[in-house]
Structures are given as C-alpha cells and as structure tokens.
C-alpha cells in the first residue's frame, strides 16, 4: 500500500475501484481577473482556427464583436469560426475580416449587411443558422465547440460575476451565454463597468470566467434598445393582429391561466395589445407571458391581467427598470427553449404570434431569406415557440408589391409546416389541415379560407414567383433545433 | 443527395462535416409531472445496484430518505448505493435496510447513529466521506454517477420547478442538488406542497426534473431547523471564541472589505458575535459573509456592518423569512466550493473559524471520527473553507476528560495541516510554522504557544492517547476535495 502525502497508507485498489493517494493540499486564492481584451485573448491561448462565440444582446449598438475581431486581427490570428447568436448592421466591419481571412466560418444569425454580403460572396463553409434553442443544444451536445466565449456585460465584478441588468449600457439579463460559459474552453467577460464584489445580479457567475476584459465602451446605448417596440400603425397590420386575437378567442384559449409568448415585432406587439383588451373585456387573468419584455407586457402585468412574467430578453428602458426591481422571473435560453431538456418554459405556451417573409401551401415558413434568395435574417425563437405552442399563428400579407408571400414553396424552410397551426393574412385565415381538432373548434366562430385560396389570390395579383437561378454553392443551412438539416440556401446567379 | 422530411435535398457531407437530414417535427407539450413516489421510482427504471442521491437540508427532521428507501424495499429492489449529502439520527431505519441488503454502499456523511452502526458493522465497501465541494466535483467528474436523484423540496410546481425557500416545511434554498439534477440519469422532486406554475423560487428548474412525487409530509419542521444556532454559554468556549477574534485582529484582517465565513457551531457563532462587536468598535464595514445563515448574521447585515451575504444554507426561521424577502445572495455549493471551477465564493475568505474532534502536531484536523475510532461526523465545508481562507482557525480544548485532543497523530485526517493556519485552544494559540508570514505579523500583538507545547500539556493531563487496536477492514475513507484519498478509517477490534 502506498503512503500518501499526509503519511497515511492508502489502498490503490479495493474491489473494482482504484484510488489515487492524496498528493498534498494548497491554499486557494483569487486574484483579480480584470485585464485588457488583448491580454485576455492571449492568455486564453487564441490561435488560428479557433471558434469564438458572442451574444447579440447589445443588438445594433454592439461594440464588442468589432473590438474583439479587430484585436484578433492585430494579433495576427486567422481562420476563425465565429459563433455569434446574431449579427446586425453594426457588424459591417466583419466583411473586411472575411475578405482578409480572419473569419472563414460563421455559425449564427447574420441579419442585414453581413448576410447580404455573404449571400453574394459565400464563405468556404456554409453559414449555419439555428434557432435559440437549437444553438443552446448544439453547444451543449458539443456539435458546436467553442474555444473562447466572449460575453458582453454591462457590469461585472473583478472575479467575473457579470450581468446585463445594471450599468450605463444595461440591455437586460445575459440569457444566451450560460451554455457557452459552461462548455467553452475559455471565457472572457467584456465590460465597461466594474462594480464591487459580489455583484448583486449574477447572470454569469465567477465559476465559469477566466478573465474580465475592461474596455471603454461595450456599445452605444441609443442602439442597444431595439426600437422594435413600437406598435404598428399600418391599418392592414392592425387588422391582421386583431384577427389573430379573434382566432385565439374562437379556439377557446383566452381563459384564466392562459400562457402566451410576447414578441417585439410590429404585428406581434399589436396582437398583444388587442389580447390585453380582450383579457379585460372577458375579465380573464392569464397565467404567464414568456419571451421578450416590453413596457406593454409590464403594463399588462401591473394591471393584474397576467400573473407572471418570464423574460429572456428585454427590449426597452422601461422593462430594464422593471427587472432591476426584481419583478418577473428570468429565463435563460436553456430554461426557455433547450430541446434536450426535460421541460422548457415554452412547452406550456397556449399561443404565439410570429412573422414570416414567406409561407407555403405546406405551411412551411421562411424567415431567413428574401424571395430573391438573399440570406438576411435569423431564426430566433421562431422554431422553438412554434413547436412549443398549442396555437402557432403566422402573420403576413398575401403578397408584397410584385412578390407573392403565400406560395407553393418557400425559398427557404425556417420552420416546418408540421408545427404551424394557422396563417393569418390580410385576405383571410387558413388553418393547417393537420389540425382537424382546431378546425372543428373554430368553424362557425370565425371566417376561414384555405391556404390554396390564399396562394391563388397571391398568384393572381402578382403572377407566379420568379424562379431563382441558383449555383451549386451552398451559402447557408437552416437546422431544425434537434441538429438535423432543414434546408440549404444556395447562391443566386448574378 | 438525400431528400429530407421537408422535401429538400440536403448534402450528407460537406468538407469534413456530416449532416443528418431533418426527419420531421412535432409539437412539444408538457404534462403534469406529479405522481406518487413509488410510481416515480418505477418510471425512472429503478433497479438492483442503482445509486440514489439525497440532500440533507431537512436535517434531523427529514422524512424523505426513510420514505424513499421503504418504497424501494417494497418494490423488492436491493443492493443500492446511497449518495446522500448527510445522514442524521433520524435516519436510524437505514440500519435495517443495510441488514436486509437493500443498501450495500454509502457515499456521504453519516452523522450519529448510522455512523456508529457501520463503524462496528462495516459495509462490503467503505463509506466514502467527501467535503461539500468534493462531493459536488465527484458528481461533476462522474466519479460518483447517480442513477436517480431524489430531491426534497418544500414547494414545487407541476412541471418540476422546486424550492426549499417557501412552504410549511421551508428549510432554505436547495443548494446541494443542482449538480445531481444536472448529471443524474433521472430526477425526482419530493414535496408535500404543490403551488401554481411558475414557482417564484426555482432552486431546481423544470428542465432537469422527470417527476414530482407528492407525499404527505417531507419532514418534521421542529427538527428541520438545526437548533445549532445557540451561542455557547460555556466560559471556556467563549474565551476561545474571543481569542479567535483577537487573532484575526492581530493578523490585520479586521478591516473594511473583509470577507468571513459564518458557521453555526457553538464556538463559531460566538466568534461571529465577538467579531461583530469588534467591527463596531473599530468602525469597520465587512464586505461579505458566506456560508450558513443565522439571525446573528442577518442582524450584522441589517446593522450595516457587512454589506453582502452569500448563503448556502439557512439555519433558523428568522433567516428563512430574510431570504423570502430577496435579501442576500444565494450560493449553491458549486458557486460556493466547487474545486474544479474557475472561482469559488470561498476563495476570497479572509478567515474561517472551524471545530475539531482532534488536531495533531502537523496541524492535521480530524472532524470525522472520535478518538475511539468511531465514524460519527461528516466533513461538511471544513476542507473547502480551510483551503479557501487566508486565515483558517481551528478551535478546540487541549483535552476532553481523559482524552488528549491535541496529539501527535489524529485518528483520521479530515483536513490536512497544509491548509490549517492556527489552532486556538483554552491553553493558548499555536500558529502553523509553515505560515512564517502570519507568525511575523501577529508576534508581539498576541500571546502564542507552540503546537508541541499544547500536545505536551494534553499528554501531561491525560497520559498518551490510547493506541487503538484495528482490524484490516476499512470502514470508511476520507477524500480530499480533488478526489484523492486522504485517509482510511479501519474497524476497531471489539
């Protein structure tokens, strides 16, 4: 029997088990993790070919992605894979870093400018588009392995506890990065505000953090709050929103204890406003609103017409103040939408109202590409909430200008028709024929049409969709949240 | 190229990566997870040889362990390994289940009756004793694989969100079981109180939970709160406690921003009381108290003499009310003490005051066995806080009745001398000679003696320790929190 460092005789094996003798103990101390961004990247062993991840919660006001990639460039490192949750127009400098080989792969949403560029100038490997829940699970299952997670925080303490809830550039709780923090080889918090230990809000805890990079500014507060929180004033869209609530009512889901998803798009917000009015009219108290938080939802809560709020994102200043006062329950993306978990907050959704760039006669929805084939948007929570809700409502006009929106085949499948229950348009409501139960329920209470009729109406008004001429090159892929490939996005011939 | 379930052509491989085509989507719904304990165990596939885990936060009022093992017995399942965080006297029925072969292995603290029994009637495999942090890391590293985690909660909702903070039998936040919930094959919440979804306190979230077993009573509230929160009235112990604070003062750590551990043992509590008086006297504001919460610490906080509280356990009714009002910061055992993490709350501890059943001239500490060789106590946070603190103070009398407490070799090493800085006894203070820096600092400010002198004093008063006659059978093992074996506990000859 070996003698261990404490002088005791220890068996090496016993029955089937083996034992390692104690080799000595030492004191554990913490040293401040605060450093420069460049130093942090170097200490995390940044090298060619690494995967770096980011969250998108600073939205179009984000300075962190551009600062980080500029630093990587200065360090002479190339061939990165970027695993952001989303890019916005503010990330246009990414295009230069693609041109000079700093970035060669992207797995994450690419909204706007960067998406447009890549659509015409494909990367050596297709962009992988995933839903919120799909990305969480891809990191968890190590399908998407992250070398260095870069996590923007509006405040952090010197040991690495970090939040987005307080600070000059508060953007709401960090919700996307917990899984990166748990699974990445290295974790860097990037913040412009250091507070005393221990930070009261700990969206990310010190146990996961290697370094805290202290920068001048994480973003431009004017553009951090999304500005998508204005209710539409377009009469057509207001009508669609109103019809959504009539459909919910006809389906019998506007009742005590209902659970609904609150989005921040124009029609979704209007639908929430009309839903609120209906709750009041019917004297109904909902159980829970999930998803993104806006003043509208805070007001519904404070008026007592919904008992609980689960928030994963926060979209306006008012809502930031709301959660700073410990109101509502935070739900990180794993709690909200991880498909590999034993239960997600969205699995109880009675209804969700979602948008579309196109829908087809199989009820497939496209939110990623325009009808000209350009890849301009992410999936977000579209797939997740569609699958989690009992009544998934897609809203869109039947056509836009010369372009049929309801069509035979969507350009790209973002969410499969299997989980879409109804399409509400400016020319009527179509229910997915797979949902005979729903059809039976609403028939007689509300006017219905068929998806074929809507498609025909679109084709009559605009002609058939223009056939896209495609190359063999795959620009991007949409994945279903279980990791399988839903569709490919091919380059359009110029 | 195969065509996927959405009718799209998908490449099977691209560069080095392989892709699985989408196979179809379905709606996700939740169904209530509430069931009977027996049904839950059956549905989790309970079988011979399984490992079942429990937390100890209902302490000597716990009904959950006994109920569960009785149910296992009724189901005819045998040969279990139990991985509780701790047993108390209330768990005496375990002895019967050991005798009839339901339980054949134990990895966890066995306080009192069960420990006494096993000391004389060894199991086929030694009991493995780990610290709080060591157990967390053993589960995380899969050294201790759990088949079914049984998690007692004072309130849960039907989807499995669970807490110990509210409800008739509230015991404080569930802090030990998060790692079990994340790594066990199956997870059962056991509760006597079901509340509306979503539960406001979510110590364990629905994403980890398979079933919610609804039982009549999880415990006896009279015995859930430990009763260890009385400050000692023994003049000798009060003197030791006072000397601890003098030592802290001499070491220069009683200053603005200090971080200290708050325990619930008699001497530790008294030391906290004297520390509080010293804080006031010196007009010092501490940064943070970590560990177990008692009214005393709440009072220090509310008087403004410590700015923050991190609590992992809650020891009295007053403190339960305190945290129900969102005061203080919860720290689960991973945040508090996981040695495999990138930072623990205890790594910043300036000081901790801990007890001992024996100490030796190498500053090794025994808290697990009595000098007669019986295994009667767990390690708790002893190792963790000793290693995490800058000044780890061990308190004990030099001898008890005929038994020398300070001695040449402790019966069992629970915490190695490498991380012990000072022994404060009723006959003087000894500083670990490894800590020359500390010795230099305190010399002249406080009277010191040597550990040899204390041992000699003990031997003069009592004679040398009686040599134990041991068999070859190993009854238990103490592990250092990195998973290595610190010591073995052998059966004493009758």
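The values are calculated or read from the model by the stated rules, or taken from the named source; none is laboratory data. Just so we're clear, the structure is a prediction, and the values are computed from it rather than from any experiment. Cβ coordinates were reconstructed from backbone atoms using ideal geometry, including for glycine residues, and neighbour counts include every protein chain displayed.
Taking the stretch B:275-367 and the strands (runs of 3 or more DSSP E) fully enclosed by it, the elements with 1 or more residues that are under 18 Å from the mean Cα position of the chain (by Cα) and in contact (Cβ under 8 Å) with a residue 60 or more places away in the chain are at B:286-293, B:306-311, B:351-354.
On the basis of being within 17 Å of residue A:336 (Cβ to Cβ) and in contact with a strand residue (DSSP E or B) (Cβ under 7 Å, 6 or more places away or on another chain), does residue A:138 make the cut? Criteria not met by residue A:138.
Looking at the stretch A:20-30 only, could you name the residues that are without any contact (Cβ under 8 Å) to a residue 60 or more places away in the chain and under 45 Å from the mean Cα position of the chain (by Cα)? Full working, then the answer.
From the stretch A:20-30, those without any contact (Cβ under 8 Å) to a residue 60 or more places away in the chain are A:20-29; that's our starting set.
If the condition is that a residue be without any contact (Cβ under 8 Å) to a residue 60 or more places away in the chain and under 45 Å from the mean Cα position of the chain (by Cα), then A:20, A:25, A:26, A:27, A:28, A:29 are the ones that fit.
With respect to the conditions (1) closer than 30 Å to residue B:466 by Cβ; (2) assigned to a loop (DSSP other than H, G, I, E, B), residue B:386 lacks only one, and its number is (2). Test each condition in (1) loosely packed, with under 15 Cβ neighbours inside 10 Å; (2) more than 23 Å from residue B:486 (Cα to Cα) for residue B:448 and report the one that comes out false. Here residue B:448 meets the rest and fails (1). Summed over the stretch A:50-84, residues that are in a loop (DSSP other than H, G, I, E, B) and touching a residue at least 24 places away in the same chain (Cβ under 8 Å) total 10. Among the numbered conditions (1) in the same structural domain as residue B:198 (by TED's automatic domain parsing); (2) touching a helix residue (DSSP H, G or I) at 6+ places or on another chain (Cβ under 8 Å); (3) within 30 Å of residue A:208 (Cβ to Cβ), the only one that residue B:130 does not meet is (1). Being surrounded by 15 or more Cβ atoms within 10 Å (Cβ to Cβ) and part of a loop (DSSP other than H, G, I, E, B): is that true of residue B:475 here? Against the criterion (surrounded by 15 or more Cβ atoms within 10 Å (Cβ to Cβ) and part of a loop (DSSP other than H, G, I, E, B)), residue B:475 does not qualify. Among the residues of the stretch B:156-169, the ones that are surrounded by fewer than 24 Cβ atoms within 10 Å (Cβ to Cβ) and within 16 Å of residue B:64 (Cβ to Cβ) come to 3 in all. Of the helices (runs of 4 or more DSSP H) entirely within the stretch A:85-141, those holding at least 2 residues that are under 21 Å from the mean Cα position of the chain (by Cα) occupy A:113-120, A:132-140. Of everything listed in (1) surrounded by fewer than 23 Cβ atoms within 10 Å (Cβ to Cβ); (2) within 12 Å of chain B (Cβ to nearest Cβ); (3) in a loop (DSSP other than H, G, I, E, B), the single unmet condition for residue A:199 is (1). Any residue at all in the stretch A:105-116 that's in contact with a strand residue (DSSP E or B) (Cβ under 8 Å, 6 or more places away or on another chain), within 14 Å of chain B (Cβ to nearest Cβ) and surrounded by fewer than 15 Cβ atoms within 10 Å (Cβ to Cβ)? Scanning the stretch A:105-116, I find no residue that is in contact with a strand residue (DSSP E or B) (Cβ under 8 Å, 6 or more places away or on another chain), within 14 Å of chain B (Cβ to nearest Cβ) and surrounded by fewer than 15 Cβ atoms within 10 Å (Cβ to Cβ), so the answer is no.
Within the bounds of the stretch B:394-410, is there any residue that is more than 29 Å from residue B:311 (Cα to Cα), under 22 Å from the mean Cα position of the chain (by Cα), touching a residue at least 60 places away in the same chain (Cβ under 8 Å) and in a loop (DSSP other than H, G, I, E, B)? No, the stretch B:394-410 contains no residue that is more than 29 Å from residue B:311 (Cα to Cα), under 22 Å from the mean Cα position of the chain (by Cα), touching a residue at least 60 places away in the same chain (Cβ under 8 Å) and in a loop (DSSP other than H, G, I, E, B).
Screening residue A:42 against (1) in a helix (DSSP H, G or I); (2) closer than 30 Å to residue B:384 by Cβ leaves a single unmet condition, (2).
Can you say whether residue B:391 is within 14 Å of chain A (Cβ to nearest Cβ), in contact (Cβ under 8 Å) with a residue 12 or more places away in the chain and surrounded by fewer than 24 Cβ atoms within 10 Å (Cβ to Cβ), as far as the supplied structure shows? First the steps, then the outcome.
Details: within 14 Å of chain A (Cβ to nearest Cβ): yes; in contact (Cβ under 8 Å) with a residue 12 or more places away in the chain: yes; surrounded by fewer than 24 Cβ atoms within 10 Å (Cβ to Cβ): yes.
Criteria met by residue B:391.
Among the residues of the stretch B:1-37, which ones are more than 22 Å from residue A:131 (Cα to Cα), loosely packed, with under 12 Cβ neighbours inside 10 Å and more than 8 Å from chain A (Cβ to nearest Cβ)? Those that are more than 22 Å from residue A:131 (Cα to Cα), loosely packed, with under 12 Cβ neighbours inside 10 Å and more than 8 Å from chain A (Cβ to nearest Cβ): B:1, B:16, B:31.
Scan the stretch A:412-446 for residues that are in contact with a helix residue (DSSP H, G or I) (Cβ under 8 Å, 6 or more places away or on another chain) and either farther than 29 Å from residue A:134 by Cα or part of a helix (DSSP H, G or I) (or both) and the total you get is 9. Taken as a whole, the condition of being at the interface with chain B (Cβ under 10 Å from one of its Cβ atoms) and over 28 Å from residue A:269 (Cβ atoms) applies to residue A:484.
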